[in-house]
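Input: a single structure, listed below in structure tokens.
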Amino acid sequence: MLPELHIYLNGEIVEESRARISPFDRGFLWGDGVYEITPCFSRRPFRLADHLDRLYRSLRYVRIDPGISREEMQKATLALLEANSSRLEEEGFYRIGHWVTRGMDSPSMAARDAGPATVCIFWRPVHVEAFAHFYKEGVRLTVVPTRRVPPECIETRAKVTSKMNQILAELDADASGALSLMLDIYGNVAENAVANFFIVRNGVLWTPPERNILEGITRKVVFELASRLGIPLEERHFTMYDIAQAEEFFLASSARCALPVREVDSFRPKGSVPGPITRRLMEAFVEETGFDFSRYIRVNAKP
């Protein structure tokens, strides 16, 4: 049994079982908050600064004052890492969660009357063995009927806790035993419920522009690695027609780095899985993070 970890809650570090949040917190009542998930490989947070920068951009957009500065948030995160260090597996993979809500609701139920903010930081283990074989076989995606909420309604670059749009997409895909691929309201490819999506067409990486998708930190790392490796990359709109012509597909997220895709509905990539460009990026992620998902592939695992 894994040892209980500590969490940070409103200025205190306590064991998870002792943490208490009011049922009248607006995060629970209305999904009124923002969040970040930062990967932590072998006790080393990966791109923590980038994730905290995005957290504070999201906070500014939704007009929540967390009550602590970005620098204080980083110090609190590292203090929590130290408090948990003896309880974390030395070579383990964890997600670091940063959740900030508008805080306690008032009898008026008006957002302007809420607060102070609720700030929570925690570590959650990732069971890599459950999905590691997909790095060899690739995952299957299906285009779901739930469309990505357009930026005219809520800015897609903000990482908000109101995730019903993506949850419905996930449930849509679950019915077919696949992962989701969401389109925008115009029929352009957008993203997976929890990851950015890339294709390779004529040797060039294509990914949707930020207008329709989350401003992914791992997506940013893909851009950096592609530049370093000399892989051409374009941000552009594309449709299922382009997927039908593509040589490779993959997902990019904090929890998966670069994960190959073997099929999108009935469309399979023209090349191998993982394809040569996807494989180069997977290898570059191993060098970048020091963590190799393929080490966890079980011999008898089924895709």
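What to note about this one:
- Scan of region 124-141 for residues that are in contact with a Lys or Arg (Cβ under 7 Å, 6 or more places away or on another chain), more than 17 Å from Ala252 (Cβ to Cβ) and hydrophobic (A, V, I, L, M, F, W, C), ordered by number: none
- Between Gly103, Gly115, Gly97, Gly67, the distinction of being at positive phi, touching a residue at least 60 places away in the same chain (Cβ under 8 Å) and surrounded by 13 or more Cβ atoms within 10 Å (Cβ to Cβ) belongs to Gly103 only.
- Top-ranked residue of region 189-226 - restricted to ones that are closer than 15 Å to Lys159 by Cα and among the polar types (S, T, N, Q), ranked as surrounded by the most Cβ atoms within 10 Å (Cβ to Cβ): Asn192
- Meets criteria (in contact with a Phe, Trp or Tyr (Cβ under 7 Å, 6 or more places away or on another chain), outside the structural domain of Arg219 (by TED's automatic domain parsing) and either acidic (Asp, Glu) or closer than 26 Å to His127 by Cβ (or both)) for Leu88: yes
- The residues on offer are Phe197, Phe223, and the sole one that is closer than 20 Å to Ala246 by Cα and in contact with a Pro (Cβ under 8 Å, 6 or more places away or on another chain) is Phe197.
- Where a residue in region 15-30 is in a strand (DSSP E or B) and its partner, wherever it lies, is modelled with pLDDT under 95, with Cβ under 8 Å and at least six apart: Glu15/Glu4
- Considering region 118-134, the residues that are aromatic (Phe, Trp, Tyr) and closer than 29 Å to Ile13 by Cβ include one that is surrounded by the fewest Cβ atoms within 10 Å (Cβ to Cβ), namely Phe122.
- Flag for Ala178 being within 16 Å of Met240 (Cβ to Cβ) and surrounded by 15 or more Cβ atoms within 10 Å (Cβ to Cβ): yes
- Any hit, region 49-64, residues being without any contact (Cβ under 8 Å) to a residue 12 or more places away in the chain and part of a strand (DSSP E or B): no
- Within region 65-95, considering residues that are assigned to a strand (DSSP E or B) and out of contact with any helix residue (DSSP H, G or I) (no Cβ under 7 Å at 6 or more places or on another chain), the one nearest to Phe28 (Cα to Cα): Arg95
- Members of region 209-222 found to be more than 18 Å from Cys40 (Cα to Cα) and out of contact with any strand residue (DSSP E or B) (no Cβ under 6 Å at 6 or more places or on another chain), listed by number: Glu210, Arg211, Leu214, Glu215
- Pair list, Cβ under 7 Å, 6 or more apart: region 122-146 residue within 30 Å of Ala79 (Cα to Cα), other residue exposed (fewer than 15 other Cβ atoms within 10 Å of the Cβ) and among the aliphatic types (A, V, I, L, M): Pro125/Leu2
- Those residues of region 238-288 which are among the polar types (S, T, N, Q) and either in a strand (DSSP E or B) or over 24 Å from the mean Cα position of the chain (by Cα) (or both), in sequence order: Gln245, Ser253, Ser266, Ser272
- Members of region 209-257 found to be in contact with a His (Cβ under 9 Å, 6 or more places away or on another chain) and without any contact (Cβ under 8 Å) to a residue 40 or more places away in the chain, listed by number: Pro209
- Only one of the numbered conditions (1) touching a Lys or Arg at 6+ places or on another chain (Cβ under 7 Å); (2) buried (at least 16 other Cβ atoms within 10 Å of the Cβ); (3) polar (S, T, N, Q) is not met by Gln245, and that is (2).
The values are calculated or read from the model by the stated rules, or taken from the named source; none is laboratory data. If you're wondering where the values come from, they're calculated on a predicted model, not measured in any experiment. Don't worry about glycine lacking a Cβ; one is built from the backbone with ideal geometry, like all the others, and counts go over all protein chains shown.
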